[in-house]
Amino acid sequence: MPEPDGEADPVPIERFYDLTLVSDLSLSPDGERVAFVVEESERGADERRRSVCVVPTDGSRSPRRLARVSDAHSPQWGPDGTRLGVLAARERDSELAVTDADGDDSDADGESSSGDGDGEGDDEPSPQVWVFDLEVGGDARQVTDRGEGVNEFDWGPEGERIVVAARDPTEAERERLEARREGEAPIETERLQHKFDGAGWLDTVTTYLFVVDVESRAERRLEDAYGGGAYESITGLDPTWVDGDGIAFLSNRLENPDDSAVMDLYLADAESGSVERITDGDLTVGTIEAAPPGSETHLAFAASLCWIDGETLLTTIADEAHTRPYRVGTDGSVERVGTGVSEAASIPAFDARGGTVALALSHPTEGLDAHTAALDTLDSGGDGEASSGEEDGSELRRVTALNDDLLDDEVMPACHRLSYESDGFDIDAIAYLPPGFDPGDPDPHPLVVSIHGGPISYDSPEFSFEYGVLASRGYVVVCPNYRGGTSYGRAFAEELHGQWGSVEVEDIVRGVEHLVEREWADPDRVFGHGFSYGGIAQGYLVTQTDVLTAAAPEHGIYDLRSAFGTDDSHVRVEAEFGLPWENEERFRASSSITGAGTIDTPLLVTAGGEDWRCPPSQSEQLYVAARKQGVEAKLLVYPEEHHNVGDPDRATHRLEQLTAWYERHDPTRGTGEE
């Protein structure tokens with residue numbers, strides 16, 4: 001990695017195409033191999049592609065890519081560790097598939113197993129379960145053939161069966177879907193939860209569980225094991241085989257399932273098809289972790305769990321802007337392990353099996369890679385921070401080197417934690433520093449305030465190409481962990497509940513003032529950006545303060561009243577604010593558009609054309625409000641994008657627009673013109 005000597009060249013934005021991400025870690029039962037998903041850009045195709053790799057956990061060999069299949073993800077090992085199942089959308093090639101024992105590739109009904117490819121509304125194949133036999137080798141074998149594709153799957157305990165969650169339209173529903181996909185029919189719905197970001201317009205098609213024989217591909221629908229509810233698009237059914245014939249799954253069977261955040265735990269019998277509800281209609285279950293024999297299955301929401309033994313789980317806990325591993329006992333005991341593993345990095349994914357732990361570590365200057373360690377070593381409290389793939393006295397081993405070519409050429413910013421006082425609270429922030437910047441002897445730099453979304457979220461040190469681009473252009477980037485976010489306890493998070501545009505504004509402004517006082521930041525060169533609630537917060541900042549020299553609110557909401565019913569979040573918004581026709585003043589008080597008459601900050605407003613979380617009409621309102629008053633403003637709408645900007649061409653375009661906007665409005669180097 002080049003040294004940050006203060007003379008480093010700016011990170012070229014086009015290097016985004018060289019960025020590789022890792023996710024979906026899955027350890028083999030014996031803990032000797034880890035499968036994971038890599039996501040890469042495909043130049044010329046404007047797509048990010050996912051594929052599955054496997055690497056020994058001892059680091060003895062480089063990772064092996066199993067196949068360059070389209071959008072392969074969700075790797076899961078069979079119980080004997082010789083087979084690996086994945087979800088992938090790919091054309092079936094019968095000559096590449098491992099044939100059945102009798103040499104016939106027909107399914108149980110004697111028909112070809114080729115998918116009909118209509119799951120996405122065009123000629124693209126739909127996601128199916130494919131299984132690699134790692135003892136035999138060769139390409140994967142297609143196991144499922146669902147017309148609408150497969151959403152999720154899990155292995156049975158003997159490895160002979162899998163359970164899948166898949167949409168199963170009736171004949172009438174199928175005809176309506178085909179007509180709609182061909183543009184020959186309007187959207188028709190009577191559902192309250194009528195849309196969802198990323199899923200689009202919702203319909204009445206039910207998602208069922210199917211038990212599938214891995215060898216014969218014969219399948220059987222469990223008639224009473226089906227999903228439902230407003231949150232199904234978030235949690236899925238999460239089918240989890242818990243014992244011989246028991247399959248746990250999630251569903252909402254309440255009277256008005258689309259008007260509730262509840263997801264109950266159900267248990268189905270794979271043989272009889274009988275179904276029993278386990279929870280009582282008062283929880284949003286989002287994760288099921290099947291227990292070893294003799295223990296009880298655990299549940300969680302927005303958390304990952306792994307059984308270590310019959311009495312202990314491994315999980316990660318958000319702890320004051322750290323994501324730290326903990327052992328949690330069934331007796332209620334909690335013990336932090338791996339002291340130091342996440343002090344200078346974040347942990348976006350992990351798994352634990354066979355006495356081994358696999359972690360995805362995201363380090364600001366070292367990149368994002370898979371690491372492994374023996375569980376007992378992690379328990380010993382070693383510092384766990386391997387550097388550049390070499391041992392540093394700990395037993396944490398880096399087993400991938402996904403971004404080394406990028407890091408060999410480009411300087412990524414050093415990360416610095418800082419703390420300041422705001423309204424009696426200690427507020428933490430993460431700062432990313434330009435090359436050569438000396439925190440002890442600073443020179444005021446332009447500042448970018450990067451505001452996290454949620455607001456139920458937090459910032460911790462991470463490898464970020466975006467921060468590398470900004471810091472290499474001379475910006476100090478600060479990420480304030482304002483009140484309303486997580487990792488500092490429930491009371492801290494609830495400070496913002498039902499009163500958006502209040503305490504978080506104080507905390508962000510105070511953070512800017514703190515950096516100005518430390519002479520890190522030039523008060524006349526302060527720029528904002530952030531997605532989702534990061535965009536929403538900028539709406540408050542530009543209507544209540546003059547702290548920002550220029551702002552870039554991205555994919556936000558600025559009028560809560562008009563967003564209600566046009567977004568996908570009516571259940572959550574009602575829980576926090578009530579109904580707009582019953583609590584008009586609460587909605588008005590938290591809508592920055594009502595203060596739009598005070599805007600004098602130049603705005604670069606961005607939106608996704610199919611963002612149903614923060615609809616693009618919200619960004620149009622803010623943009624027009626600024627332009628009506630003669631304020632410089634620019635609107636960017638990315639067609640067909642959801643609540644993100646994921647395709648590489650659009651991701652690079654966004655960074656080009658963002659940096660150009662800051663330069664244009666920087667009083668020391670801007671012209672005020674494009």
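Readers should treat all values here as calculations from the given coordinates under stated rules, not as data from a laboratory. As the structure is a computational prediction, the values presented were derived from the model and not from experiment. All Cβ positions, even for glycine, are placed from backbone atoms using ideal geometry, and neighbour counts span all protein chains on display.
Place a label point 7 angstrom from the Cα of Asp9 along the Cα-to-Cβ direction, then list the residues of segment 472-487 whose backbone nitrogen is under 18 Å away.
Taking a point 7 Å out along Cα→Cβ of Asp9, the residues of segment 472-487 whose backbone N falls under 18 Å are 472-474.
Give the percent of DSSP beta bridges with both residues in segment 411-664 that are antiparallel, rounded to the nearest 5.
35
Give me the dipole magnitude in Debye, nearest 20, for segment 411-664 about the Cα centre, with unit charges on the beta carbon: positive for Lys and Arg, negative for Asp and Glu. Please report the intermediate quantities before stating the final value.
Details: 18 positive and 41 negative charges, 78 e Å.
So the magnitude is around 380 debye.
If I stretch the segment between Arg43 and Arg174 completely, what's the gain in nm (0.36 nm per residue apart, minus their alpha carbon distance), one decimal?
Here the answer is 43.6 nm.
Hey, rough spin-label estimate for Asp438 and Thr189, points 7 angstrom out along Cα→Cβ, what's it come to in nanometres?
5.9
Of Ile308, Ile162, how do they rank once you tally other Cβ atoms within 10 Å and put the fewest first?
Listing Ile308, Ile162 from fewest to most nearby Cβ atoms yields Ile308, Ile162.
Simple spin-label model, 7 Å along Cα-to-Cβ: Glu421 to Arg277 in nm?
5.2
Within 10 Å of each candidate Cβ there may be at most 10 other Cβ atoms; applying that plus a DSSP loop requirement, which chymotrypsin sites (Phe, Trp or Tyr not before Pro) in segment 606-674 survive?
none
Per 0.36 nm of contour for each residue apart, how much would the distance between Val631 and Asp309 grow if the chain were fully extended, relative to their Cα-Cα spacing?
109.8 nm
Using only the alpha-carbon atoms, how far is helix 648-664 inclined from the longest principal axis of the chain? Give it as 0 to 90 degrees, nearest 10.
Once rounded, one gets 10 degrees.
How much net charge surrounds Ser274 when only other residues with a Cβ under 15 Å from its Cβ are counted (Lys, Arg +1; Asp, Glu -1)?
It works out to a net charge of -3.
Could you tell me what % of all Cα pairs in the chain have separations over 32 Å?
54
Counting every Cα pair in segment 411-664, what percent are over 25 Å apart?
On the way: 12892 of 32131 pairs.
Summing the P(r) of segment 411-664 above 25 Å gives 40 percent of all pairs.
Test of understanding: ordering Thr400, Thr566 by Cβ neighbours within 10 Å, fewest first, what list do you get?
Lowest to highest Cβ neighbour count: Thr566, Thr400.
With θ taken as phi - 60° and the coefficients 6.51, -1.76 and 1.60, list the Karplus ³J(HN,Hα) couplings across segment 41-52 in order, rounded to whole Hz; mark glycine and proline as x.
Karplus values, whole Hz, x for Gly and Pro: 7, 9, 4, x, 10, 6, 9, 9, 10, 10, 9, 10.
Compute the length gained on full extension between Val334 and Leu579: take 0.36 nm times their separation in residues and subtract their Cα-Cα distance, giving the result in nm to one decimal. Display every interim value, and only then the final one.
Working: separation 245, 0.36 × 245 = 88.20 nm, distance 3.96 nm.
This chain segment gains 84.2 nm when fully extended.
Evaluate the distance, in nm, between pseudo-label points positioned 7 Å from the Cα of Leu254 and of Gln544 along their respective Cα→Cβ axes.
3.1
Quick one: if the Förster radius is 51 Å, what FRET efficiency do Ser216 and Thr668 give, using the C-beta to C-beta distance and rounding to 0.05?
For Ser216 and Thr668, the calculated efficiency is 0.10.
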